[in-house]
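The structure under discussion appears below in the form of structure tokens.
Coordinate-derived values only; no laboratory data. For clarity, every value in this text was computed on a predicted model and none was experimentally measured. In this analysis, Cβ positions are derived from the backbone assuming ideal geometry, glycine residues included, and neighbour counts consider all displayed protein chains.
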Amino acid sequence: MQDETRAGLDGDGHDQGELPPETAQSGAPQTAGGQLRAAREARGLDLSQVAAETRIPQRHLENIEAGEYGNLPSRTYAIGFARSYARMLDLDERSILDQVRAELAQDETQGRAAPAKFEPGDPARVPSGKLAWLGALAAVLLLVGGFAFYRTYFSPGLGPAPLAEETQVAAAETGAAPDAPATPAIDPNAEVVFTSEMPDTWVKFYDASGAELYQAQMGEGESFTIPRDAEGPQVWTGRPYALAITVGGRPVPKLSEEDEIVRDVPVSAEALLTRGQAGSAAPGATPSPVTSSGPTPAGTPIATQTGT
């Protein structure tokens with residue numbers, strides 16, 4: 001009996017047929033969330049302390065450590081929160097972000113389900129009668145649309161001429177030019193509002209002379225309205241993707257969707273509404289990334305001097 005016991009156990013009391021947990025886990029690739037969790041535990045921190053310091057909700061930190069990026073609001077949040085988390089723990093931000101992007105790409109690839117095979121002999125897979133009627137109705141509408149297209153473009157003489165042509169002929173006879181469609185005018189005094197979609201978003205606004213209009217680390221949901229009397233307002237921030245913009249209450253595209261530093265970008269109502277149109281962009285309107293020499297704390301600018 002003692003011989004059997006000695007044969008089944010080694011000197012430390014472990015079963016020889018089983019590996020210790022640390023041996024079984026060694027060599028397994030660690031996810032970005034696993035690296036963050038290991039670094040946090042090595043410092044003796046719990047998630048509530050990390051949430052208080054980074055101002056990231058604890059539930060989002062739990063999803064990041066578990067690799068459940070699908071539970072976060074968007075891909076931008078996953079990358080931004082992971083960066084702030086790694087920065088707080090003094091980890092290599094670039095390595096963590098590369099791992100997060102790889103895991104996001106893997107999740108997107110695995111999320112594409114293969115199309116189900118159709119078995120003609122399976123009654124459960126045969127289209128219902130309602131679906132068949134909808135298909136027939138769609139076919140009828142397609143035929144009617146095709147006939148109308150044929151009459152309009154290939155046989156215009158079969159029906160009455162459009163009223164627009166009569167108006168153009170009458171205008172040509174009288175020598176008057178037809179009215180051109182009015183284009184919506186750009187209101188240069190429209191209200192411009194920037195709203196932060198993420199916590200700890202550092203931003204600085206200043207006018208053309210370099211006078212500071214506003215500088216702060218904006219919290220999530222915090223907004224700033226550009227003064228109407230500001231001359232040539234511009235912006236400087238390291239999180240252009242975290243700032244939602246409205247002009248006169250109408251949403252406009254963000255300054256950039258990339259992780260880069262933008263500076264000296266005009267943010268007047270006219271500049272934002274005409275940005276992206278050929279020949280209308282003002283000099284310096286294109287964001288130019290500024291390379292930093294190393295990781296900086298979340299929401300901290302590369303430089304804090306006033307002016308441009």
field: Calculated FRET efficiency for the pair residue 215/residue 98, C-beta based, R₀ 30 Å, to 0.05
entry: 0.45
task: Round to the nearest 0.05 the FRET efficiency obtained for residue 58 and residue 136 when R0 = 51 Å and r is the Cβ-Cβ distance.
output: 0.40
task: Count the net charge of all other residues whose Cβ sits under 12 Å from the Cβ of residue 224, scoring Lys and Arg as +1 and Asp and Glu as -1.
output: -1
task: Compute the length gained on full extension between residue 45 and residue 71: take 0.36 nm times their separation in residues and subtract their Cα-Cα distance, giving the result in nm to one decimal.
output: 7.0 nm
Total charge dipole magnitude, segment 192-274, about the Cα centre, Cβ charges on Lys, Arg, Asp, Glu only, Debye to nearest 20: 180 debye
- request: Pull out the extension gain between residue 108 and residue 257, defined as 0.36 nm times the separation in residues minus the alpha carbon to alpha carbon distance; nm, one decimal.
  value: 51.7 nm
Tensor-based shape of segment 192-274 (alpha-carbon gyration tensor, a/c under 1.5 rounded, otherwise prolate or oblate): rounded
